[in-house]
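The values are calculated or read from the model by the stated rules, or taken from the named source; none is laboratory data. Fair warning: this is a prediction, and the values are worked out from it, not measured in the lab. As a convention, Cβ positions derive from the backbone with ideal geometry for all residues, glycine included, and neighbour counts pool all protein chains shown.
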Amino acid sequence: MSRNTKINLLLLLAVAALAVLPLVLGLGDHKKEPFTGSDGEAETAITEIEPDYKPWFSPLYEPPSGEIESALFSLQAALGSGVLAYYFGLRRGRRQGERRALERDRGSGNPAGGTAGESTGEGA
Amino acid sequence: MHIAEGFLPPAHAAAWGVASAPFVLHGVRSLTREVREHPESTLLLGASGAFTFVLSALKLPSVTGSCSHPTGTGLGAILFRPPVMAVLGTITLLFQALLLAHGGLTTLGANVFSMAIAGPWAGYAVYRLLRRYDVPLMVAVFSAAFVADLSTYCVTSVQLALAFPDPGSGFLGALGKFGSIFAVTQIPLAVSEGLLTVLVMRLLVQSSKGELTRLGVLLAGKQSRSETEEVAR
């Protein structure tokens, strides 16, 4: 594994650790309902400050259940990661194609000299 | 940072809408110009929007025992400047308001102002400042993403405190209340967002050197070459 890949994996690991630690350490235990959304908590705070406040408009469409809502949230994440994966896949493919074309152009005369320098960036 | 539908008094909702509109309109103009002059950057634009899409759908647990989500706006602000991000962020917020009942149409102006305008500009300012003093690229990227994320939630806290000042302690009391809900929860998430943005920027440095040079993220000069070599190794 190249040093580059290792750093990328470490970054992912750090993000995963930051997400898991609050759960493992039980940081939500002091709450009646642990790990609710902060947006919802803000709504509660509003009604604490102004008990009479009534929202004057309601969403045009509301997901009928928590399942549908989480499905739509996953759809959002899936769409985003799909586009990102397409982008990086396309770039990688293009780079490989360019590299191959370059090697072909250099001809069979000196394949070792041509590939040794190029292949260093491969491990990405 | 999503202020729920109907949860801002009409006057506030309208004021934030008026404040946000010119930024978004200007953003639409920058975006169309960018696409027309550099059609090859459309893909990277899509990827920047996609990054915001993914990150704002990720609700992560935080140290306060509640959940919140990153914004993903720092990356696009660095690559394409904040006006473009105003548009991409607005699209994301519209999707969530219309399909997920998350945020809302009446609060769209306020939410756009915090996530798609204030956050990207704050992050971009930090990025430019750090780069001017020759801070390494990835340190600047991390800081920009961190600041874009956190400042978004600070602005939301200010928006809510303005609309709902505490009867006893006034604006500042309410700011403390909303700030402890939003801003404190957000600190570890802003770190996560910083790390993820660095990850994507590293992948971009490997895969899209030409594009990054054109956008001014990588300089054609000596200093940036040593940076790309370090990452590309």
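The residues of segment B:167-198 include none that are in contact with a Ser or Thr (Cβ under 6 Å, 6 or more places away or on another chain) and either more than 29 Å from B:Thr52 (Cβ to Cβ) or of a type in the set (D, E, K, R) (or both). Scanning segment B:25-44 for residues that are touching a residue at least 12 places away in the same chain (Cβ under 8 Å) and either at the interface with chain A (Cβ under 8 Å from one of its Cβ atoms) or over 20 Å from B:Gly109 (Cα atoms) (or both) yields a count of 5. Within segment B:165-187, the set of residues being of a type outside the set (Gly, Ala, Ser) and surrounded by 20 or more Cβ atoms within 10 Å (Cβ to Cβ) comprises B:Leu175, B:Lys177, B:Phe178, B:Ile181, B:Phe182, B:Thr185, B:Gln186. Only residues that are facing chain B (nearest Cβ under 7 Å) and either within 25 Å of the chain's Cα centre (by Cα) or not in a loop (DSSP other than H, G, I, E, B) (or both) were counted across segment A:39-84, and they come to 18. With respect to the conditions (1) surrounded by 13 or more Cβ atoms within 10 Å (Cβ to Cβ); (2) at pLDDT below 95; (3) within 30 Å of B:Ala47 (Cβ to Cβ), A:Gly82 falls short on a single one, namely (2).
Checking each residue in segment A:29-77 for being touching a Cys at 6+ places or on another chain (Cβ under 7 Å) and of a type outside the set (S, T, N, Q) picks out A:Phe35, A:Gly37. Residue count for segment B:103-120, restricted to those that are of a type outside the set (S, T, N, Q), surrounded by 24 or more Cβ atoms within 10 Å (Cβ to Cβ), touching a Phe, Trp or Tyr at 6+ places or on another chain (Cβ under 8 Å) and outside any helix (DSSP H, G or I): 1. Would it be correct to say that B:Leu162 is in contact with a His (Cβ under 8 Å, 6 or more places away or on another chain), surrounded by fewer than 24 Cβ atoms within 10 Å (Cβ to Cβ), at pLDDT 95 or above and not β-branched (Val, Ile, Thr)? So B:Leu162 passes the test. Once segment B:44-99 is narrowed to residues that are under 12 Å from the mean Cα position of the chain (by Cα) and among the hydroxyl-bearing types (Ser, Thr, Tyr), the residue that is surrounded by the most Cβ atoms within 10 Å (Cβ to Cβ) is B:Thr73.
Tallying residues that are more than 7 Å from chain A (Cβ to nearest Cβ) and either at pLDDT 90 or above or in a helix (DSSP H, G or I) (or both) within segment B:174-230 yields 36. Summed over segment B:45-69, the residues that are more than 7 Å from chain A (Cβ to nearest Cβ) and assigned to a helix (DSSP H, G or I) give a count of 5.
Would you check which residues across segment B:64-86 are more than 17 Å from B:Val126 (Cα to Cα), of a type in the set (Val, Ile, Thr) and at pLDDT 95 or above and list them? Steps first, answer last, please.
Here is the first cut: in segment B:64-86, the residues more than 17 Å from B:Val126 (Cα to Cα) are B:64-70, B:84, B:86.
With the extra rule that they be of a type in the set (Val, Ile, Thr), the set shrinks to B:64, B:84.
Result: B:Val84, single match.
In the condition set (1) among the acidic types (Asp, Glu); (2) closer than 29 Å to A:Ser74 by Cα; (3) surrounded by fewer than 24 Cβ atoms within 10 Å (Cβ to Cβ), B:Asp149 is compliant with all but (3). Report yes if some residue within segment A:4-23 is at pLDDT below 95, more than 27 Å from the chain's Cα centre (by Cα) and over 30 Å from B:Leu43 (Cβ atoms); otherwise report no. Scanning segment A:4-23 turns up no residue that is at pLDDT below 95, more than 27 Å from the chain's Cα centre (by Cα) and over 30 Å from B:Leu43 (Cβ atoms).
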